[in-house]
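Working notes, structure below.
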Amino acid sequence: MRAELARRTAGIAAVAAMLVTSGVVIATTASPAQADGSTLQDAAAESDRYYGTAIAASRMSDSQYINIANREFNMITAENEMKMDATEPSQNQFNFSSGDQIVNWALQNGKRVRGHALAWHSQQPGWMQNMEGSSLRNAMLNHIAGVAGHYQGKIYAWDVVNEAFEDGSSGARRNSNLQRTGNDWIEAAFYAAREADPDAKLCYNDYNTDNWQHAKTQAVYNMVRDFKSRGVPIDCVGFQAHFNSGNPVPNNYHETLQNFADLGVDVQITELDIAGSGTSQAEQFRGVTQACMAVTRCTGITVWGVRDTDSWRASDTPLLFDGYGQKKLAYGYVLDQLNTADGGSSDPGDGSCSVTATRTESWGDRFNTVFTVSGTDDWVVRISTGSGQSLQNSWNADISGTSGTLTATPNGNGNEFGITLYSNGNTSTPSASCSAA
Ligand code: XIL
């Protein structure tokens, strides 16, 4: 992320000078907009992450749709076109026409592709739905060889197995025809995918796995831990992240993502959509973004469609663009959150004020950072703390939040304030950005 910032900063050195002295980082406000990404993909790239969307081949001729997709996103998932029913409509007769249309468009436009999905109980072709036992197991392996083989070298990450666990409190595998071929069907699928495309990252992908307390989350975690310990080739875990009032963004999302990452896999948010509107929806989108950014191995976020009207749940208006292709409030919150990443230095914010972050005292388990605001007396400073860090104490400002992004506002004690953070093994200086209130 520093390299990316340095590249950008070098290009605009004349307008945005940065002074770095021992532990003190000052960001000027001369031309703050140029340091921040103005699209989702550019803002995500500031921290070496991607920002993706699902694409439907049938919508690619809609110029508004394809223009937004091209401008904002740099990781592409085929919404349906690479699934089992689409790619193998008759047994051993593969059809890649729609999948290829999406993959070719993505690669021609400099984007990467997430492959979705090689083995799943849903959207199976009719011929497969009634199969069982070893003939089904062989058909699944043949399918993986055919599809992953066809796209070999073109896929960043494959969802090798999708949704293999039961909802609810059982923590059991979902009872599907694939499961009935034997409990080792998931690892067999991963071995087949590795053989067909050795360079693609191989992911397990599921939903309702966001809350660390949920049995399903624990069950998937235990499977991944077991796979890692036995050398089954798994590289990543995808969190679909379809949220609504019955399944809200959990407070412990960061903990979930971090715990999986600590098993030695990448984590990705693969199908994000959040029912709702306005500030409440925007805050939830920000929370998800923040949770991913707090985890080094969270490599990117994909939203499940471009405009609300393109969504599989259109009536939930769950995406970042409205039906007219206009950016929603949630878009701004996501963009801002992505732009808080700048390698632990200060961030110019909206240009109406600036803030410096200076590291001062430190102890074994915690350290102080002092912030000085200039440009206005009526400020809001957003502080991005590092992974694992949490607030222990503060002075001369009102602070909300304890980890992730903290928000500081004046409490009548002037324009210099401070915080003490528990480092929890992470002693990086938090970054801060300032806006006028
Ligand atoms: C959905 C598509 O968005 C719909 O167009 C289709 O009718 C059904 O599938 N989990 C997944 C995705 O992994 O493939 C699903 O996509 C949404 C839930």
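The values are calculated or read from the model by the stated rules, or taken from the named source; none is laboratory data. All values reported here derive from a predicted model rather than from experimental measurement. Positions of Cβ are generated from backbone atoms using ideal geometry, with glycine treated the same way; all protein chains shown enter the neighbour counts. Keep in mind that these areas ignore ligands, DNA and RNA; they rest on the heavy atoms of the full protein, side chains included. Shrake-Rupley method; radii C 1.70, N 1.55, O 1.52, S 1.80 Å.
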Within the stretch 46-68, residues hydrophobic (A, V, I, L, M, F, W, C), under 15 Å from Thr302 (Cβ atoms) and touching a helix residue (DSSP H, G or I) at 6+ places or on another chain (Cβ under 9 Å) come out as Ala54, Ile55, Ala56
Within the stretch 70-81, residues within 14 Å of the ligand (Cβ to nearest atom) and of a type outside the set (A, V, I, L, M, F, W, C) come out as Thr77, Glu79, Asn80, Glu81
Checked Ala172, Ala157, Ala145 against criteria (out of contact with any Ser or Thr (no Cβ under 6 Å at 6 or more places or on another chain), within 25 Å of Ser97 (Cα to Cα) and open to solvent by 10 Å² or more (accessible area, probe 1.4 Å)); the one match is Ala145
Checking Ala16, Ala10 in turn, the sole residue that is at pLDDT below 95 and part of a loop (DSSP other than H, G, I, E, B) turns out to be Ala16
Residue count, the stretch 44-84, condition crowded, with 18+ Cβ neighbours inside 10 Å and of a type in the set (Lys, Arg), comes to 2
*on the phi > 0 side of the Ramachandran plot, within 16 Å of the ligand (Cβ to nearest atom) and either outside any loop (DSSP other than H, G, I, E, B) or crowded, with 18+ Cβ neighbours inside 10 Å (or both) - does that describe any residue in the stretch 230-247?*
yes
> What about Ser362, is it open to solvent by 40 Å² or more (accessible area, probe 1.4 Å) and more than 26 Å from Leu421 (Cα to Cα)?
Replying inline: no
Those residues of the stretch 395-418 that are of a type in the set (Gly, Ala, Ser) and either more than 25 Å from Leu338 (Cα to Cα) or out of contact with any Phe, Trp or Tyr (no Cβ under 7 Å at 6 or more places or on another chain) (or both) come to a total of 6
How many residues of the stretch 268-296 are more than 16 Å from the ligand (Cβ to nearest atom) and either touching a His at 6+ places or on another chain (Cβ under 7 Å) or not hydroxyl-bearing (Ser, Thr, Tyr) (or both)? The answer is 16
Within the stretch 367-397, residues being closer than 11 Å to Tyr422 by Cα and open to solvent by less than 30 Å² (accessible area, probe 1.4 Å) number 6
Return yes when Thr299 is in a helix (DSSP H, G or I), in contact (Cβ under 8 Å) with a residue 12 or more places away in the chain and of a type in the set (Ser, Thr, Tyr) and no when it is not.
no
Pairs returned, first residue in the stretch 193-221 that is farther than 15 Å from Ile269 by Cα, second residue that is hydrophobic (A, V, I, L, M, F, W, C) and open to solvent by 40 Å² or more (accessible area, probe 1.4 Å), beta-carbon separation under 7 angstrom, 6 or more apart or interchain, are Ala196/Ala145
Picked from the stretch 300-331 (must be more than 16 Å from the ligand (Cβ to nearest atom) and open to solvent by 30 Å² or more (accessible area, probe 1.4 Å)), the residue farthest from Val237 (Cα to Cα) is Tyr324
Filtering the stretch 82-100 down to residues that are assigned to a helix (DSSP H, G or I) and within 16 Å of the ligand (Cβ to nearest atom) yields Met84, Asp85, Ala86, Thr87, Ser98, Gly99
Asp199 being within 21 Å of Lys111 (Cβ to Cβ), surrounded by fewer than 18 Cβ atoms within 10 Å (Cβ to Cβ) and not hydroxyl-bearing (Ser, Thr, Tyr): yes
Looking across the stretch 248-285 at residues that are of a type in the set (Ser, Thr, Tyr) and part of a helix (DSSP H, G or I), the single one that is surrounded by the fewest Cβ atoms within 10 Å (Cβ to Cβ) is Thr279
